Amino acid sequence: VTADPTFAVHDGSAWTEPHRRQPGKLRKTGTFPPFRGLLPLAGLLGIWQLAGPQHSPYFPRPSTWAQALMTLWRRGTLGPAAAATLGTFLVALTGATVVGVVVGIVVGTSRPADGALGPSLEFARAMPPAAMVPIAVLLIGYDATMKVTVVVFATIWPVLLNTRAGVRFLDPILADTARSLHLNPVDRVRKCVLPALYPSIFLGVRSAVPVALVMTLLVELVTQVNGLGALIGISQRSYQSAAVYGLLLVAALFSMAVNGLAAAVETYALRHRPQQ
Amino acid sequence: VRRVNLLGLGTLAGFLGLWEALVRSRLLNFQYLPAPSATAAAAWDLVLSGQLTAAAGHTLEVTLIGWVAASAAGVVLGLTLGLSRTAWRYSMASIEVMRAIPPVALVPIAFLVFGFSIRMELVIIMFVSSWPVLVNTIDGVRGVPAALRDVARVLRLSNGATIRKITVPAALPTIVVGLRLALSLSLVLAVVAEMIGNPAGLGNALVRAQQALQPAQMFAYVLSIGLLGVALNAAFQHAARWVVPGLGKGAS
């Protein structure tokens, strides 16, 4: 089953239902279908370029996208926008990973904590992340903190749920080992729990990456605070359609780059682990 | 029968009570943070005045139309690509590339082409929500166990009969997962499209409440969107189990 990576959805699997995905059993990553499959897309773009309307406000030719991007770059708006998006994305992803792992370990380890916090977390998760943008704007204002807060709120869930599931599936022998060695609680988490959880955490982070990127772009688009999303919004409002298409291309490349990078990091970090 | 998680519900009620108390006593001093009671009152007013139901009706309608269209396209295309290796080899890479486009970035383009209209919402939903259906249909069709394919061969089923009697039923649980993801996605996209462009529905009402500095109404709308999502999901799970008997809990 392919989990959909493209958007911040509540995937609906009830909080209380046991997680079925076996941590440690990783989906093969980094497999891209044969490149000749790119032919239809290339053909479409080619026809668009050759037979497309000369000056269309709706479907500008692909060559004009590149020109529009060059113009933005020379005006000095594209670089800072990309940097702002990348910054928000990274800070939020890191924050969501830390919070998600900590809360995930807490609710995964302790049944009472899970029972007590479960419904509240489920309630929070049911709140649509996109709709949190206006709330965050009113409470925090139009700034970088607001952006990061919204993105973290949306991105936490895959990390949290995978960590929690990972803790549930931990080998009981690990706990016995820790007890036999008289490890204190800190060492137990650091030396036994965390290393065993890496596969689950990576799985969660990898699902969180596209969510974080989409949410970052969404916040920027809705609030017009810095970044690629805001630039797309501005270009659209001033009817610079070639720039909108060009920026869409940049966003897509960005998305492929971070997803590919996340998969590569995961494969590298887990290279010594047996693929079950 | 599911046991009610009293402890958990108590904690949730405790959080809400604490929130109420903090806002009322002005210990938590955000200018625009409404107490839960104020949110409930605002929601009630919006229901009585018909604004909430009208907005929710629009969003629900768009979500469902878009979802049905996206699902139909996704299943048909998915069956084609799942069954024909040649079709798969010569188009899957294009699909992977298009799927990588962040959906929000498409909203401005749909907006350029279609302006403020319901078509813009529908196009966005159809474009984005068909991916999970498509990918899951392909996975489902390709994952049909070899033994089942042997059965079809032994029974000398025609190609059409094999697809109808063997492939589709075997792929159905996976397809259903795709349909469910697509449904949640459709609602989110409808709300996003309404927030950014189309002046109708819950998303737009939410943004207007924010601009009018009506935080209680805003929270009421956010809550309604959340509830709509949960309700749609529950309805889908129920329907799926009814339509596809033997669909294990695990599959949906």
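When segment B:207-221 is filtered for residues that are of a type in the set (S, T, N, Q) and more than 7 Å from every other protein chain (Cβ to nearest Cβ), the ones remaining, listed by number, are B:211, B:214, B:217.
Yes or no, residue by residue, for (1) closer than 21 Å to residue B:134 by Cα; (2) assigned to a helix (DSSP H, G or I); (3) of a type outside the set (A, V, I, L, M); (4) touching a strand residue (DSSP E or B) at 6+ places or on another chain (Cβ under 6 Å):
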residue: B:183; (1), (2), (3), (4): yes, yes, no, no
residue: B:186; (1), (2), (3), (4): yes, yes, yes, no
residue: B:189; (1), (2), (3), (4): yes, yes, no, no
residue: B:202; (1), (2), (3), (4): no, yes, no, no
residue: B:222; (1), (2), (3), (4): no, yes, no, no
residue: B:231; (1), (2), (3), (4): no, yes, no, no
residue: B:239; (1), (2), (3), (4): yes, yes, no, no
residue: B:245; (1), (2), (3), (4): no, no, yes, no
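It is to be established whether one or more residues within segment B:144-151 are within 14 Å of another protein chain (Cβ to nearest Cβ) and either of a type outside the set (Val, Ile, Thr) or in a helix (DSSP H, G or I) (or both). No, segment B:144-151 contains no residue that is within 14 Å of another protein chain (Cβ to nearest Cβ) and either of a type outside the set (Val, Ile, Thr) or in a helix (DSSP H, G or I) (or both). Does residue B:164 meet the test of being more than 30 Å from residue A:242 (Cβ to Cβ), more than 12 Å from chain A (Cβ to nearest Cβ), at pLDDT below 90 and part of a helix (DSSP H, G or I)? For residue B:164, the condition - more than 30 Å from residue A:242 (Cβ to Cβ), more than 12 Å from chain A (Cβ to nearest Cβ), at pLDDT below 90 and part of a helix (DSSP H, G or I) - is met.
Report, by residue number, each residue of segment A:222-233 that is more than 17 Å from the chain's Cα centre (by Cα) and closer than 14 Å to residue B:106 by Cα. Residues satisfying the conditions are A:222, A:230, A:231, A:232, A:233. Filter segment A:241-276 for residues that are charged (D, E, K, R) and either part of a helix (DSSP H, G or I) or touching a Pro at 6+ places or on another chain (Cβ under 7 Å) (or both); which is farthest from residue A:208 (Cα to Cα)? Checked segment A:241-276; the qualifying residue farthest from residue A:208 (Cα to Cα) is A:273. When each of A:233, A:204 is tested for being within 11 Å of chain B (Cβ to nearest Cβ), among the small types (Gly, Ala, Ser) and assigned to a helix (DSSP H, G or I), the lone residue that passes is A:233.
Only one of the listed residues (B:71, B:37, B:84, B:94) is away from chain A (no Cβ under 14 Å) and among the hydroxyl-bearing types (Ser, Thr, Tyr). That residue is B:37.
Residue pairs whose Cβ atoms lie under 8 Å apart, separated by 6 or more positions or on different chains, with the first residue in segment B:183-197 and facing another protein chain (nearest Cβ under 7 Å) and more than 21 Å from residue B:75 (Cα to Cα) and the second hydroxyl-bearing (Ser, Thr, Tyr) and part of a helix (DSSP H, G or I), are B:191/B:59.
When we screen A:200, A:241, A:235 for residues that are more than 30 Å from residue A:55 (Cβ to Cβ) and of a type in the set (Ser, Thr, Tyr), the only hit is A:200. Inspect all residues belonging to segment B:198-206 and state whether any of them is crowded, with 23+ Cβ neighbours inside 10 Å, more than 9 Å from chain A (Cβ to nearest Cβ) and over 13 Å from residue B:52 (Cβ atoms). Checked against the condition, which is being crowded, with 23+ Cβ neighbours inside 10 Å, more than 9 Å from chain A (Cβ to nearest Cβ) and over 13 Å from residue B:52 (Cβ atoms), segment B:198-206 yields at least one hit. Meeting the requirement of 2 or more residues that are away from chain B (no Cβ under 14 Å), under 24 Å from the mean Cα position of the chain (by Cα) and within 23 Å of residue B:105 (Cα to Cα), the helices (runs of 4 or more DSSP H) wholly within segment A:124-196 are A:144-168.
Determine which member of the set B:132, B:108 is part of a helix (DSSP H, G or I), facing chain A (nearest Cβ under 10 Å) and in contact with an Asp or Glu (Cβ under 8 Å, 6 or more places away or on another chain). Exactly one of B:132, B:108 is part of a helix (DSSP H, G or I), facing chain A (nearest Cβ under 10 Å) and in contact with an Asp or Glu (Cβ under 8 Å, 6 or more places away or on another chain), namely B:132.
So which residues in segment A:60-72 are outside any helix (DSSP H, G or I) and over 11 Å from residue A:240 (Cα atoms), if there are any at all? The one that is outside any helix (DSSP H, G or I) and over 11 Å from residue A:240 (Cα atoms): A:61.
For beta carbons closer than 9 Å, sequence separation of 6+ or different chains, a first residue in segment B:72-85 that is surrounded by 16 or more Cβ atoms within 10 Å (Cβ to Cβ) and a second that is of a type in the set (Asp, Glu), the qualifying pairs are B:78/B:139; B:82/B:139. There is at least one residue in segment B:43-65 that is buried (at least 16 other Cβ atoms within 10 Å of the Cβ), more than 23 Å from residue B:185 (Cα to Cα), out of contact with any strand residue (DSSP E or B) (no Cβ under 6 Å at 6 or more places or on another chain) and aliphatic (A, V, I, L, M). Pairs meeting the criteria (first residue in segment A:212-229 and closer than 13 Å to residue A:144 by Cβ, second residue among the aromatic types (Phe, Trp, Tyr), beta carbons under 6 Å, at least 6 apart or on different chains) are A:216/A:89; A:223/A:142; A:225/A:142.
The values are calculated or read from the model by the stated rules, or taken from the named source; none is laboratory data. Just so you know, these numbers come straight off a predicted model, no measurement behind them. Cβ sites come from the backbone with ideal geometry, for glycine too, and all protein chains shown count toward neighbours.
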